[in-house]
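**Student:** Before I ask anything, let me first share the structure, which is written out below as structure tokens.
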Amino acid sequence: MRARLHQNWRDIPAEARGCAAALGNFDGVHLGHAHLVHTLQTTRPDLPLAVVTFDPHPREMFRPQDPPFRLTLSDERFAALAALGVQHVFQIHFDEAFSQMTAEHFVEDVLHEALGLRHVACGPDFAFGHRRGGSVPFLAERTAELGIGFTAVPALADASGPYSSTRIRRLLQDGYPERAAEELGRPWFIRGTVQHGDKRGRLLGFPTANIPLGRHLEPARGVYAVTVRLPNGQTRPGVANIGRRPTIDDGQESRLEVNLFDFEGDLYGQTLSVALHRMLRAEKRFGGLDELKAQIGLDAQDARTVLTAELAGK
């Protein structure tokens, strides 16, 4: 069954009711999230598998002054959940009005009445309702009273502790996308629409596709070996720079600039997914454009080496 996205919790079709649903934000849809979903599926294989999540992320509303932090935006999250076998994603619009809903009303009005859930599952840190007034014990008690099954799923952990979106964000900000990929179960990528730049890359002999970071987390600034998924499904290797280009303009806005190896074509206006495989070096200022051009050539060579070795290791 193809996964379906439901964005109006007050108007759920009859065929989407009666699910077993995992609850949470699911930013990144990492291995810990997969563990939660698969545990629920094993617990209630008789019921359609669903997820109840929120968009925007509550933190985006409560702390709008914070820098962007999202690992996955809603479209990316939906695709990742569908890949786990989730059949229905109930994506609740999180706004000021919804944030005022009490924990009691969330369980009774949303989970029970509106969605008609028959079983729910969550991790040990799940909190919900106005001022995070609802806890896991409260959820267990209230669902039992309403005749809804409940499973508290212990967090999946390794030697460093539980898998978490926070931990993955830190790995990316520290420049370790390969370690983040291990915890995500896939490479982390930035998805965006190619915009017109200042054509500096073309003048340097390395034309780039310029993609805004948007609401995505900004990883460590520097140069990365990447693969790029094109709209037609084709994947191409490349090298990318994330940062403010200090040698050229000292800009205040970070951007993603990616050079696709051995590629010719017009990418303007197209949506690309750029997966980060390895950070090659940190952002730095060079003495001039000639020095920068020489370094870009070395970066491209390093990226080819890294990606070839990774492909050979699969």
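Every number here is computed from the coordinates shown, using simple stated rules; none is lab data. All figures in this text were calculated on a predicted structure; none of them were measured in a lab. Glycine gets a Cβ as well: all are built from the backbone with ideal geometry, and neighbour counts include every protein chain shown.
**Student:** For every other residue with a beta carbon closer than 15 angstrom to the beta carbon of Arg10, add +1 if it is Lys or Arg and -1 if Asp or Glu, then tell me the sum. Please report the intermediate quantities before stating the final value.
**Tutor:** Working: positive: Arg17; negative: Asp11, Asp95, Glu108, Asp109, Glu113.
Around Arg10, the surrounding residues sum to -4.
**Student:** Can you give the Kirkwood hydrodynamic radius of the chain from its Cα pairs, in Å with one decimal?
**Tutor:** Working: mean 1/r = 0.0472 Å⁻¹.
Evaluated on the chain, it is 21.2 Å.
**Student:** If you count the DSSP beta bridges with both ends in the chain, what percent of them are antiparallel, to the nearest 5? Don't skip to the end; give the middle numbers.
**Tutor:** Working: 35 of 56 bridges.
Around 60 percent antiparallel, to the nearest 5.
**Student:** Helix 74-83 versus the longest principal axis of the chain: what is the Cα-based angle in degrees, 0 to 90, to the nearest 10?
**Tutor:** 70 degrees
**Student:** To the nearest 10 degrees, how steeply does helix 136-146 sit against the main Cα axis of the chain, on a 0 to 90 scale?
**Tutor:** 40 degrees
**Student:** What longest range of the chain stays clear of loop-exposed GluC sites (Glu not before Pro) (DSSP non-H/G/I/E/B, at most 12 other C-beta within 10 angstrom)? Intermediate values should be presented prior to the final figure.
**Tutor:** Numbers: sites that count: Glu253, Glu264.
Segment 1-252 is the longest.
**Student:** Also, I was wondering about something else. Given H placed on each backbone N at 1.01 Å, which residues far from Ile92 in sequence or on other chains put an amide H within less than 5 Å of it?
**Tutor:** Under 5 Å from the amide H of Ile92 lie the amide H atoms of Thr53, Phe54, Asp55, each far enough along the sequence or on another chain.
**Student:** Among Ser165, Ser273, Ser160, which comes first, then next, by fewest other beta-carbon atoms within 10 Å? Mind showing how you got there, number by number?
**Tutor:** Values: Ser165 24, Ser273 18, Ser160 9.
Taking fewest neighbouring Cβ atoms as first place, the list is Ser160, Ser273, Ser165.
**Student:** Angle check, please: helix 31-43 long axis (alpha carbons) against the longest principal axis of the chain (alpha carbons), in degrees 0 to 90, nearest 10.
**Tutor:** Taking the Cα atoms of the chain, the angle to 31-43 is about 30 degrees.
**Student:** Give a residue-ordered list of calculated ³J(HN,Hα) values for the stretch 271-283 (Karplus: 6.51 cos²θ - 1.76 cosθ + 1.60, θ = phi - 60°; whole Hz; x for Gly, Pro).
**Tutor:** 9, 10, 10, 9, 8, 8, 9, 7, 7, 8, 6, 7, 5
**Student:** Would you calculate, for the chain, the mean residue ellipticity at 222 nm contributed by helices, counting each DSSP H stretch of 4 or more residues as -39,500 (n - 2.57) and dividing by all residues, to the nearest 500? Don't skip to the answer; put the middle values down first.
**Tutor:** Details: 9 runs with 89 residues, N = 314.
Value at 222 nm, helices only: -8500 deg cm²/dmol.
**Student:** Using the 10 angstrom Cβ neighbour count as an exposure proxy, how do Arg77, Arg278, Arg191, Arg2 rank, fewest first? Each step should come with its number before you reach the end.
**Tutor:** Values: Arg77 25, Arg278 21, Arg191 18, Arg2 5.
With the fewest neighbours first, Arg77, Arg278, Arg191, Arg2 line up as Arg2, Arg191, Arg278, Arg77.
**Student:** How do the peptides 298-306, 21-29 rank, highest first, by the average count of neighbouring beta carbon atoms within 10 Å per residue?
**Tutor:** Values: 298-306: 17.0, 21-29: 24.9.
Going by the mean number of other Cβ atoms within 10 Å, highest first, we get 21-29, 298-306.
**Student:** Once you place label points 7 Å from the Cα toward the Cβ at Asp158 and Asp125, how far apart are they in nm?
**Tutor:** According to this spin-label approximation, the distance is 1.7 nm.
**Student:** Something else about it: Between Thr235 and Tyr268, what's the calculated FRET efficiency when r is the beta-carbon distance and R0 is 22 Å? Round to 0.05. It would help to have the intermediate numbers written out before the result.
**Tutor:** Details: r = 20 Å, r/R0 = 0.90.
Once rounded, the FRET efficiency stands at 0.65.
**Student:** Could you give log10 I(q)/I(0) at q = 0.11, 0.20 Å⁻¹ for the stretch 110-203, computed by the Debye formula over C-alpha point scatterers of equal weight, without solvent?
**Tutor:** Once normalised to I(0) and log-transformed, intensities are -0.57, -1.01.
**Student:** If each residue's Cβ is checked for other Cβ atoms within 10 Å, how do Thr43, Thr53 rank with the fewest at the top? It would help to have the intermediate numbers written out before the result.
**Tutor:** Working: Thr43 16, Thr53 24.
Lowest to highest Cβ neighbour count: Thr43, Thr53.
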